[in-house]
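Just below is one structure, and these are the notes that go with it.
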Amino acid sequence: MNIKRIKDTRIDNDFTQEYMAKHLNIPQRTYSSWENEEVKVSLKNMIKICKFLNISIDYAVGLSSSPIRIYDVTELNLKIIAKNILKIREIKNLSQKELAIILNYSKSMLSGIEHGKVIISLERLYLLAKRYVFSIDELCYKCIEK
C-alpha cells in the first residue's frame, strides 16, 4: 500500500506538513512519519486526512486513479465496516477462520472486528479491498449489497 498520493495532493494544494498537522490536531512529526511511511496511518486518521484533502481513501492508497469522493466518509463507523466484512465473507463463501488467516488476524480478533468492537487496520482493509475488488470508501460508508 502506497500513500504517496497524500503528499502529492497536499503539495498540489500548497499545504505544508505543519498546516496539515495543525488541522488534524497532531504533532507535525507524526504527520511527517505517516507521509514518509515510517509509521502506518490508522484508518481513523486516513479518513480525516482524505476528508480534509477532499480525496477518496481508494485514491489515497492507490486503489483508484480518481480522487473524486463518491462516498462522504467523514468518520469511522465500526458497525458498517463489521457488516461489510461479514457480507464479504458470505459473498466469497469464507469461514471466519479462513478470512482470519488471509488477513493474518487471530479468529478472536476478526470476531471483534465483525462485531464492531475492534478497528480493522487500514493495511488489512486495503488487503481485503484489493483481493476481493471492493472500495475501501464503500466498505467504510455504506452496507454493500453484492
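Quick notes on this structure:
- For the residue pairs Lys40/Lys130; Lys40/Lys83; Lys22/Lys44; Lys44/Lys97, the C-alpha atoms sit more than 22 angstrom apart in Lys40/Lys83; Lys44/Lys97.
- Cβ-based net charge around Ser56, under 12 Å, with every Lys or Arg adding one and every Asp or Glu removing one: -1
- Summing charges over neighbours of His23, with a neighbour being any other residue whose Cβ is under 12 Å away from its Cβ, gives +3 when K and R count +1 and D and E count -1.
- Dimensionless Rg/Rh of the stretch 4-60 - Kirkwood Rh, Rg from C-alpha atoms: 0.90
- The chain: angle of helix 43-53 to the longest principal axis, Cα-based, in degrees nearest 10: 40
Read-outs throughout are calculated quantities, based only on the coordinates presented, and are distinct from any laboratory measurement. In this text, all values refer to a predicted model and were calculated from it rather than measured experimentally. A quick note on method: Cβ atoms are made from the backbone with ideal geometry, for glycine too, and the neighbour counts reach across all protein chains shown.
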